[in-house]
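Take a look at the structure set out below.
What follows draws every value from the coordinates through simple rules; no lab data is involved. What you are looking at is a predicted structure, and each value in this text was computed from that prediction instead of being measured. Methodologically, a virtual Cβ is constructed for each residue, glycine included, from the backbone with ideal geometry; neighbour enumeration extends over all protein chains shown.
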Amino acid sequence: MTAQVLAGAPAAAALLSRAAARARTLPRPPGLAIVRLGDDPASVSYVRGKDRKAREVGLQSTVYALPEETSQAELLALIAELNAAYDVDGILVQLPLPPHIDEAAVLRAVDPSKDVDGFHPVNVGELWSGRPGLLPCTPAGVMVLLEHYGIPVAGRRAVVVGRSAIVGRPMAALLLAADATVTLAHRRTPDLGAVTREAEVLVVAAGRPHLVTPEMVRPGAAVVDVGINRVLDAAGVSRLTGDVHPDVAGVAGALTPVPGGVGPMTIAALLANTVTAAERRLGLSGPR
Ligand code: NAD
């Protein structure tokens, strides 16, 4: 048996085209402000990708590229300005920020109604209280991916490996909201394999290359590999690999590839969030 490949591209394209259609019905294009500090090559490239996709979908995207030495006060002043701007619906602060900036304070400064990353404590609280506001993009993208491929979640056993604030925890909250019975495992979980083998839906976000091996997977399970790890292959060439061993394809019923699985969903979910934020701010709530 070889697992069905849950490719991200078609699911992301479908989500983006729904977001674009919703954006077209608004009286003005949804506005996205992307803020980044410094010249970290990964951040520069992520921001470029988000900005380009945002424009493709019909959003009004503006990148604020600030120097590395920007002070916390200057950054907070920019965020206050963006919070007050009528035509800015979404504010995204690209992480990581330089060490002299208090990241949590900056994320808390973003108006929750414009927090398209879903990181503000108000949105985290709304998510866990079952009244979701703006959702964190990677877990929201995983839910859309599962739905796109018709993978049922309600009533099933779901296990999430990893409890970070940006992936594992909100992932568990969304699976719970979708009526799965959820276990959240992490680095202190004894006998991880015994836990993951229970999963009919297994989401792995640990940042550990090939942490999950075939004997840790229940036959037929749907496995979502969120991990993106840069490793050197046998020939010394740098490659991206996931947290799930490729041999899991021989046991699982469905598996996301890395790259090309969850990755494209994250950015699509961000842009869909921006359209949602715009609809809410304009007092309109179109179909999702
Ligand atoms: P993180 O380092 O903040 O958290 C990792 C979590 O995994 C921790 O909660 C830790 O307890 C758990 N963990 C670590 N080792 C473990 C082990 N041996 N057994 C069980 N649990 C273990 O990482 P993160 O930000 O949540 O990211 C996780 C992975 O997902 C990374 O590879 C990251 O690059 C990737 N990621 C991908 C996307 C995407 O769009 N595809 C988005 C965000 C993160």
- Within-15-Å neighbourhood charge of ASN229 [Cβ basis; K, R +1; D, E -1]: 0
- Task: Filter the GluC sites (Glu not before Pro) in segment 1-100 down to the DSSP loop ones having no more than 13 other Cβ atoms within 10 Å, then list what survives.
- Result: GLU68, GLU69
- Karplus-derived HN-Hα couplings along segment 34-41 (A = 6.51, B = -1.76, C = 1.60, θ = phi - 60°), whole Hz, x at Gly and Pro: 10, 10, 9, 10, x, 10, 4, x
- Message: Using Cα-Cα distances under 8 Å and only pairs 6 or more residues apart, what relative contact order does segment 136-263 have, in percent?
- Response: 22 percent
- Query: Using the alpha-carbon atoms, what tilt in degrees (0 to 90, nearest 10) does helix 72-84 show relative to the longest principal axis of the chain?
  - Reply: 80 degrees
- Query: Normalised by the number of residues in the chain, what is the relative contact order in percent for Cα pairs under 8 Å and 6+ residues apart?
  - Reply: 23 percent
- Task: Could you work out, for the chain, what percent of all Cα-Cα pairs fall into each 5 Å distance bin, beginning at 0 Å and stopping at the bin that holds the largest distance?
- Result: 1, 6, 12, 16, 18, 16, 13, 10, 5, 3, 0, 0
- Message: Skipping prolines and chain starts, which residues have an amide H placed within reach, meaning under 5 Å, of the one on ARG157, given they are 5 or more residues away or on another chain?
- Response: THR181, GLU200, VAL201
- Message: Can you compute the FRET efficiency between ALA13 and GLU103 using 1/(1 + (r/R0)^6), with r the Cβ-Cβ distance and R0 = 35 Å? Round to the nearest 0.05.
- Response: 0.65
- Around ARG239, with a cut-off of 11 angstrom between Cβ atoms, what is the net charge of the other residues, counting Lys and Arg +1 and Asp and Glu -1? 0
- Message: Explain nothing, just the number: dipole magnitude of the chain about its Cα centre with +1 on each Lys and Arg Cβ and -1 on each Asp and Glu Cβ, in debye rounded to the nearest 20.
- Response: 660 debye
- Query: When DSSP beta bridges are limited to those with both residues in segment 136-263, what percentage is antiparallel, rounded to the nearest 5?
  - Reply: 20 percent
- Item | segment 1-45, Rg to Rh (Cα coordinates; Rh as Kirkwood inverse mean 1/r) | 1.18
- Query: Cα gyration tensor of segment 68-219, axes a ≥ b ≥ c as square roots of the eigenvalues: rounded (a/c below 1.5), prolate (a/b > b/c) or oblate?
  - Reply: prolate
- Query: Expressed as an acute angle from 0 to 90° and rounded to the nearest 10, what is the orientation of the C-alpha long axis of helix 8-24 relative to the principal long axis of the chain?
  - Reply: 30 degrees
- Task: Take peptides 199-205, 10-16 and line them up by average Cβ neighbours within 10 Å, highest first, as a rough protection proxy.
- Result: 199-205, 10-16
- Query: Given the chain, what percent of its DSSP beta bridges are antiparallel, to the nearest 5?
  - Reply: 10 percent
- Output the peptides 39-47, 247-255 sorted from most to least packed, where packing is the average of other Cβ atoms within 10 Å over each peptide's residues. 247-255, 39-47
- Query: Based on the mean of other beta carbon atoms within 10 Å per residue, what is the order of 141-151, 96-106, most packed first?
  - Reply: 141-151, 96-106
